[in-house]
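The values are calculated or read from the model by the stated rules, or taken from the named source; none is laboratory data. The structure presented is a predicted model; accordingly, all values stated were derived computationally and were not measured. Cβ placement follows ideal geometry from the backbone for every residue including glycine, while neighbour counts extend to all protein chains displayed. Just so you know, the surface numbers come from the protein's heavy atoms only, side chains and all, with ligands and any DNA or RNA stripped out. Shrake-Rupley method; radii C 1.70, N 1.55, O 1.52, S 1.80 Å.
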Amino acid sequence: MTAADALLLALGAVAVGSGVLVVATRHLVRAGLYLVVCLGALAGMYLVLTAELVAWVQVLIYVGAVVVLLLFAVMLTRAPIGASDDLDRPGWAAALIGGGTGFGLAALLVDAYRWTAVELPDAGTAERLGDQIFRSWVLPFEVLSVLLLSALVGAIVLSRPDIGRPKAQGPAADQSHTGRSGPGIAGGDPGDEGGRSR
């Protein structure tokens, strides 16, 4: 085992551990911070695999933008910052599904590669990455951008309870706009036309 293999195993353990903490914690803000650790460990794995450009894109976009967007969504929706009882649910079903999926993927990869040594390709460049993204993967790239935009718009809508609420009509709406009560308008002060007798 080389030093690169040991570093990959260590970073993988950090990524898996922080990923488990993301779904196991009862604090939304802590979940976002654990997600930063998980994505940072993935960026470190890219660096070990000599994919420096992908690693820094991972840091800039996912750690620097997506996690910040999630934290802004938490603040805009006025979600509880502390421990939430809604997040303390039995997780046996999720653990069963996640464990089964992970075991199936691991068995698939072991059966496909066994212990065959795979040679790493040449290090990627910005030109090659841009060519792949904006030619072969342009549709998923645009769908992801629309998804992030819709998430931000949804957070803003949820934070504004007055959006979509039917407007009050009738005397109640007039009183709410003037800020006066009914008897005050009828009786009025001497300066109001409604309070004068002509």
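Criterion applied to LEU158, LEU120 was being in a helix (DSSP H, G or I) and either modelled with pLDDT of 75 or more or open to solvent by 90 Å² or more (accessible area, probe 1.4 Å) (or both), and the one residue passing it is LEU158. For the range 3-37, the candidate set comprises residues that are touching a residue at least 40 places away in the same chain (Cβ under 8 Å) and in contact with a helix residue (DSSP H, G or I) (Cβ under 6 Å, 6 or more places away or on another chain); within that set, the residue that is farthest from GLY64 (Cα to Cα) is ALA4.
Scan the range 22-52 for residues that are open to solvent by less than 40 Å² (accessible area, probe 1.4 Å), within 25 Å of ASP5 (Cβ to Cβ) and outside any helix (DSSP H, G or I) and the total you get is 1.
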